[in-house]
Amino acid sequence: MGENAAPGLISELKLAVPWGHIAAKAWGSLQGPPVLCLHGWLNNANSFDRLIPLLPQDFYYVAMDFGGHGLSSHYSPGVPYYHQTFVSEIRRVVAALKWNQFSILGHSFGGIVGGMEVENLLTYKRRAIEHMLQVEASQESSSVLSLKQLLQRLLKSNSHLNEECGELLLQRGTTKVAAGLVLNRDQRLSWPENSVDLVSRELYAHSIRKLQAHVLFIKAVHGYFDVRRENYSDKESLSFMIHTLKSTLKERFQFVEIPGNHYVHMSEPQHVASIISSFLQHKHVLTA
C-alpha cells in the first residue's frame, strides 16, 4: 500500500465506467455490512483516512473519489458535472460492488440530501454554464507547482483545513511531474455551483417524506456556514432542513452538534467516531 497507507486499509479499487474509471479505497472486513463513504467538494477519498480506522472494523468501508476528483477519471470534454451525475456514479459503484443494502457516510457535498430555495435560479444556472464553457475554451493546462505552493493555495481557500490534513488530501489529489506537482482534479469543478442542484423547500420536504432510511446528521459548531461563500450563509436553510428531517422521520432521525469546524472528521476524528460507530452498529441492517 506504500508508506502513506492509512491504518487498516485493505485495498485500492479501480471500477470501470464508460468514461474511464472510478477510484476508491477499502477498509475493514469484506464480509461486514457495507458503508459507502462520500467526500466533500474538491476533496478525495483520503478525507476519511483518519476517521475510518476509529470506526468498527467489522464493517466494510469503501471511500470513492467522485469523477474529476482524486484518482478518478475526468469526464469527457463537453460533458458537465451535475449533481445527478454524481448520484449516478454512486449507483454504478454500488452495482459494481454488488451491494443490495448499504449505509452512506458523507461529508459536506458528499452528504447533501437536499438544497436551498434560490429566487434567481435561472440566473444562477446560466452563470454556472457560462463558467464551464469558459474553462473549456481556455484550454489551459494545470499549473505545475511545488507541494508548498499547492498547500498554501489550498489552506488559503479552506480556512478550516490545517496543514497536516491539507497534505493528506494533496497526497491523493496531485500527480508528480518532472517540474513539481499538478492537481488531479478537473478544472471544470472549480466553481461548486456547477455541481449542485438547488431545489425548492417544497420539493425538499417531499423528498424527505419518501425517505425510508435512518439518518444521522452531525453538525460542527463552526462548520460549513461559517467557512465560505455568501450564497451559503443563509443559516435559515439549514434550520429548515433539520426541522424537516426531525418532524418527518421522527425517531429515525438523530441530530448531533459537536465542537470543531468543517474538517473536524479529519483534524479531530475522535469527536465524530464514537457517534458514527454507535449509529452504524444499531442501524446497519437497514438500507441507506
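Here are some pairs, K156/K219; K25/K219; K25/K148; K148/K176; K98/K210; K14/K176; which of them have Cα atoms lying more than 18 Å apart in this structure? As for pairs spanning more than 18 Å Cα to Cα, those are K156/K219; K25/K219; K25/K148; K98/K210; K14/K176. Multiplying the residue separation of I10 and R209 by 0.36 nm and removing their Cα-Cα distance gives an extension gain of 67.9 nm.
Taking 0.36 nm per residue of sequence separation and subtracting the Cα-Cα distance, how much length would be gained by fully extending the chain between R201 and D58, in nm to one decimal? Please report the intermediate quantities before stating the final value.
On the way: separation 143, 0.36 × 143 = 51.48 nm, distance 3.84 nm.
Net length gain for the segment: 47.6 nm.
Between V199 and G115, M116, the built amide H atoms are under 5 Å apart, and every one of these is 5 or more places off in sequence or on another chain. Counting protein heavy atoms only, the stretch 1-98 has 57 percent of its accessible area on carbon and sulfur, 1.4 angstrom probe.
Heavy atoms of the protein chains alone define the surface here; on that basis the stretch 1-87 has 37 Å² accessible area per residue at 1.4 Å probe size.
Computed FRET efficiency, Cβ-Cβ of K98 and S143, R0 35 Å: what is it to the nearest 0.05? That gives a FRET efficiency of 0.30.
The values are calculated or read from the model by the stated rules, or taken from the named source; none is laboratory data. In this text the structure is predicted, and so the values were computed from the model without any measurement. Neighbour counts are summed over all protein chains in view; Cβ atoms, including those assigned to glycine, are modelled from backbone coordinates with ideal geometry. Calculation scope for accessible area: heavy atoms of the full protein, side chains included, ligands and nucleic acids excluded. Shrake-Rupley method; radii C 1.70, N 1.55, O 1.52, S 1.80 Å.
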